[in-house]
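Chemist: Got a structure for you, written out below as C-alpha cells; questions coming shortly.
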Amino acid sequence: MSIVEWIVVFSLNSLFWKWIVSWGGAQWVEGWKAFFVIDWFAAAWTAEQIRLYGVIIWFCTATWFVLGVFIPGLRGASLLM
C-alpha cells in the first residue's frame, strides 16, 4: 500500500471513530445497530461503553498508522479494515 493510500485509509477510519466518540455516533449505534456497525459483542453495550471502545481502537489504529509510516511492511497488515 502506498503512503497516500495509507493516509487516506487512516483518515477515513479516523472520521468514523471521531463520529463514534465525539459527534453522537455512539448514541446512534447503541443497541441492535451496534451489532452491524461495531461487531456482534457490542449489541448489549451502552453509548458510553461504545465510546470507550472507540477511543481504545482509535488509539490502536493511530499507533499502527504511525508505525506504518516508518515501516512500510506494516501497511499490508489489516488492522484498519
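The values are calculated or read from the model by the stated rules, or taken from the named source; none is laboratory data. Everything quoted here is computed from the prediction, not taken from an experiment. In this analysis, Cβ positions are derived from the backbone assuming ideal geometry, glycine residues included, and neighbour counts consider all displayed protein chains. Quick note on the areas: whole protein, heavy atoms, side chains included, nothing else; ligands and nucleic acids left out. Shrake-Rupley method; radii C 1.70, N 1.55, O 1.52, S 1.80 Å.
Chemist: May I ask you to give the solvent-accessible area per residue for the chain, in square angstrom, as obtained with a 1.4 angstrom probe?
Modeler: Heavy-atom SASA per residue in the chain reads 64 Å².
Chemist: So, one more: For the chain, what is the relative contact order in percent, using Cα pairs closer than 8 Å and at least 6 residues apart in sequence?
Modeler: 35 percent
Chemist: Please sort 48-58, 63-73 by packing, taking for each peptide the average over its residues of neighbouring beta carbons within 10 angstrom, highest first.
Modeler: Answer by packing, highest mean first, reads 48-58, 63-73.
Chemist: For the chain, what % of the accessible area comes from carbon and sulfur atoms, probe 1.4 Å?
Modeler: Accessible surface attributable to carbon and sulfur in the chain totals 74 percent.
Chemist: Assigning unit charges at the beta carbon (Lys, Arg +1; Asp, Glu -1) and nothing else, what dipole magnitude in debye, to the nearest 20, does the chain show about its Cα centre?
Modeler: Here the chain has a charge dipole of around 80 debye.
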